[in-house]
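One structure is given here, and the rest of the page talks about it.
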Amino acid sequence: MTPLEVVFKDYTITSDKTIMDIHQIHDWLSNHSYWSQNIPFETVKQAFDYSFCIGAMLQKQQIAFARLVTDYATFGYLADVFVIESHRGKGIGKMMLSQLLNQLWVKRLRRIMLATLDAHDLYKMHGFLHTAFPERFMEINRPNIYRS
């Protein structure tokens, strides 16, 4: 699969993992996200390696990221979406999600899910809705797994 690359304002939106900065991604997830506080680097690296990733770069700085956990055929789970605070409000997250969701293979997925605390409006813009049958979904939730 050829990586996507789109120039948006001064940013490069890409799915090329070779130019993404896994250390900056880990730092943000571990120290700034509400969902992955203290997540080990090895865990982020493994998730990165086994997911479809997209990011926004400003020169060589990773300023935004998202990953789709997927089988590339029927299902995807959107996770670890972030835009560094100083770059928010510039449309980067919207453009990054638009590029991800407009991939032909993504359009053929039967279901794409996500969980969010505070970005419902962003995801609604891209077609996400509350689950039609929430009573069918179950989970094992371990929110403090990385905290000591």
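Just so you know, all these numbers are worked out from the coordinates, no wet-lab data involved. What you see is a predicted model; the values in this text were computed from it and never measured. In this analysis, Cβ positions are derived from the backbone assuming ideal geometry, glycine residues included, and neighbour counts consider all displayed protein chains.
Starting from 0.36 nm per residue, how many nanometres of slack lie between F133 and E85 once their C-alpha separation is accounted for?
Numbers: separation 48, 0.36 × 48 = 17.28 nm, distance 3.42 nm.
Difference between extended and current length: 13.9 nm.
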Running a GNM on the chain with Cα contacts under 10 Å, which residue among E85, E42, E135 ends up with the highest mean-square fluctuation? E135
Compute the distance from the alpha-carbon center of the stretch 43-82 to that of the stretch 100-122, in whole Å. 12
Quick one: if you stick a label point 7 Å off each Cα along the C-beta vector at S148 and V6, how many nm between them? 4.2
Once the mean of 1/r over all distinct C-alpha pairs in the stretch 32-95 is inverted, the Kirkwood radius in Å reads 12.9
Just to check I understand the Karplus step: with θ = phi - 60° and J = 6.51 cos²θ - 1.76 cosθ + 1.60, what whole-Hz values come out for the stretch 32-44, glycine and proline as x? 10, 7, 8, 9, 9, 3, 6, 4, x, 4, 4, 5, 4
With the crude spin-label approximation of a point 7 Å out along Cα→Cβ, what separation in nm comes out for Q37 versus L114? 2.3
Dimensionless Rg/Rh of the stretch 91-148, both radii on Cα and Rh by Kirkwood, sits at 1.03
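Figure the gain on full extension for I140 and A73 (residue separation times 0.36 nm, minus the Cα-Cα span) and round it to one decimal in nm.
In short, 21.7 nm is gained.
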Suppose we flag trypsin sites (Lys or Arg not before Pro) only when DSSP calls them loop and at most 15 other Cβ atoms lie within 10 Å. Which is the longest uninterrupted stretch of the chain? 10-59
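Please state, rounded to one decimal and in Å, the Kirkwood hydrodynamic radius that the stretch 1-47 gives when every pair of distinct Cα atoms enters the mean of 1/r.
Working: mean 1/r = 0.0830 Å⁻¹.
Its Kirkwood hydrodynamic radius stands at 12.1 Å.
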Give the Cα extents of the stretch 5-136 along the principal axes, in whole Å, largest first. 41, 32, 27
